[in-house]
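First comes the structure, then the notes that go with it.
Here, each number is a calculation from the coordinates, and none is a lab measurement. Owing to the predicted nature of the structure, the values given are computational and were not obtained by experimental measurement. Please note: Cβ atoms are built from the backbone with ideal geometry, for glycine as well, and neighbour counts cover all protein chains shown.
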Amino acid sequence: MRIHPALRQWHEQMKAWRRDLHTHPELGFEEHRTSQFVASKLESWGLEVERGIAGTGVVGTLRGSDPTRKPIALRADMDALPMREENQFAHASGSPGRMHGCGHDGHTVMLLGAAKYLATVAPPAGSVHFIFQPAEEGLGGAQRMLDDRLFSRFECSSVYGLHNWPGLPLGTVGIRQGPMMASMDRVTIDIVGKGGHGGLPHLTVDPVVVTAHAITALQTLVSRSIDPLQAAALSITCVTAGTSHNVIPESARLTGTIRSLIPEVRDQLEAGIHRIVNGVAQAFGATAKIEYERQLPALSNTPRETQLARRAAANVVGEGNVDEAIDPVLGSEDFACMLQQKPGAYAFLGQADAGHRPMIHSPRYDFNDELLPIGSSYWIAVVEQEMARSD
Ligand SMILES: [Zn+2]
Ligand SMILES: [Zn+2]
């Protein structure tokens, strides 16, 4: 493991920052305390700081000495989740119903550690933008930053992201070229029938029965319509109908999430949902209204930047501890939006050890503080690799 001595020295301080953020979790677009924390630290190390991008977003810029070099960007997310923390330790959430259950507290501190190192110990030749993004958890913070002209205000040739990953052991890194996380779409389906008496079903068109058939038929999309070698998930996660045991309701509502890695499969799933739901509804004499919303694109790593990130990771954790063909996951990540505009790469940094097994979004999850100097070193290695780039 190649950890810079300064980061070893700062480890206790970084741990204290991380635990402070963990105790004070803030939801998306409400990261006021967190962004103040970030901005004041960046300013104290002499970076140029812009606040208020997408509301609570912050970008710190470290100006390089060589203006001919294209700047690069590194991105961390800052928001917490609306969930109850079950951990009992001293730094557990002090805000009931809010929790840093995805480790964005750790992401924020790892990027701060790298910014401090690059600003005060080993300034790079080119400029680096440190992006602290609000509202990653389903609220579209990345897109809001892009709408605030992120990449025209902070011109860069590439952008990098990372996530701690409890599915990998501490001291390992996983990455892959191409699609690594899924696109995320949401569907809302209203099945409209004809309500009536529960004992006189022949006078009704029962939307509950239509809904049951529709849910079952939708399962065939992934199993029968999509190439079995392609990844896809379609989950109907919410079903609402009826108010009483003896009243057949007029309508029923379904909502669900759709994930895939490539655009062709995404198109097939969207079209298939319309075909199946409309067909089933029509077969039973009901009607269907379908709202299909594309929320996030798939996250896809570009070839050169993936190789660069792989080398950076290998420099820190050792060649044998980098899996460069990790399986993609069908979770989603809004860093995907930034990768639609700039080349870049996103990596999973292993965080599992005996005390850190729970998956992200578990009420017993906690970011592993041992990852802090590793993550900062990875960021520094990415900058070093970028600065050594000759193309
Ligand atoms: Zn999350
Ligand atoms: Zn996350």
Using DSSP to define loop residues, name the chymotrypsin sites (Phe, Trp or Tyr not before Pro) in the range 88-159 whose beta-carbon has at most 10 other beta-carbon atoms within 10 Å.
F89
Report, in cubic angstrom per residue, the convex hull volume of the C-alpha atoms of the range 220-299.
110
Taking the dipole of the chain about the Cα centre (Lys, Arg +1; Asp, Glu -1; charges at Cβ), the one of T302, Q230, T68 that reaches farthest to the positive side is T68
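Please work out whether the range 130-213 counts as rounded, prolate or oblate from its C-alpha gyration tensor, where a ≥ b ≥ c are the square roots of the eigenvalues and a/c under 1.5 means rounded, while otherwise a/b larger than b/c means prolate and anything else oblate?
It is prolate, given that a/c is not under 1.5 and a/b is the larger ratio.
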Apply the Karplus parameterisation 6.51 cos²θ - 1.76 cosθ + 1.60, with θ equal to phi minus 60°, to every residue of the range 32-45 and state each ³J(HN,Hα) to the nearest whole Hz, in sequence, with x for glycine and proline.
5, 5, 4, 6, 5, 4, 5, 4, 5, 5, 4, 4, 5, 9
Filter the trypsin sites (Lys or Arg not before Pro) in the range 80-138 down to the DSSP loop ones having no more than 12 other Cβ atoms within 10 Å, then list what survives.
R84
Under Karplus coefficients 6.51, -1.76 and 1.60, residue-wise ³J(HN,Hα) of the range 102-113 in Hz, glycine/proline x:
10, x, 5, 4, x, 4, 4, 6, 4, 6, 4, x
Could you give the angle, 0 to 90 degrees to the nearest 10, between helix 207-220's Cα long axis and the longest principal axis of the Cα atoms of the chain?
50
Pair-distance profile P(r), taking every C-alpha pair of the range 96-238, with 10 angstrom steps and integer %:
7, 21, 26, 20, 13, 8, 3, 1
Determine the sum of side-chain charges near D190: Lys and Arg each +1, Asp and Glu each -1, restricted to other residues whose C-beta is under 11 angstrom from that of D190.
0
Here, trypsin sites (Lys or Arg not before Pro) of the range 117-158 satisfying both criteria (DSSP loop; at most 11 other Cβ within 10 Å) are R149
Would you mind working out the magnitude of the charge dipole of the chain relative to its Cα centre, with +1 at each Lys and Arg C-beta and -1 at each Asp and Glu C-beta, to the nearest 20 Debye?
200
Rounded to the nearest whole number, the Stokes-Einstein translational diffusion coefficient of the range 19-92 at 4 °C and 1.567 mPa s (Kirkwood radius, C-alpha pairs) in µm²/s is 91
When the Kirkwood radius is taken over all Cα pairs of the chain, what Stokes-Einstein diffusion coefficient follows at 10 °C and 1.306 mPa s, in µm²/s?
71
Under the Karplus curve 6.51 cos²θ - 1.76 cosθ + 1.60, θ = phi - 60°, whole-Hz ³J(HN,Hα) for the range 69-84, x wherever Gly or Pro sits
7, 6, x, 10, 10, 10, 10, 10, 10, 10, 8, 9, 10, x, 8, 8
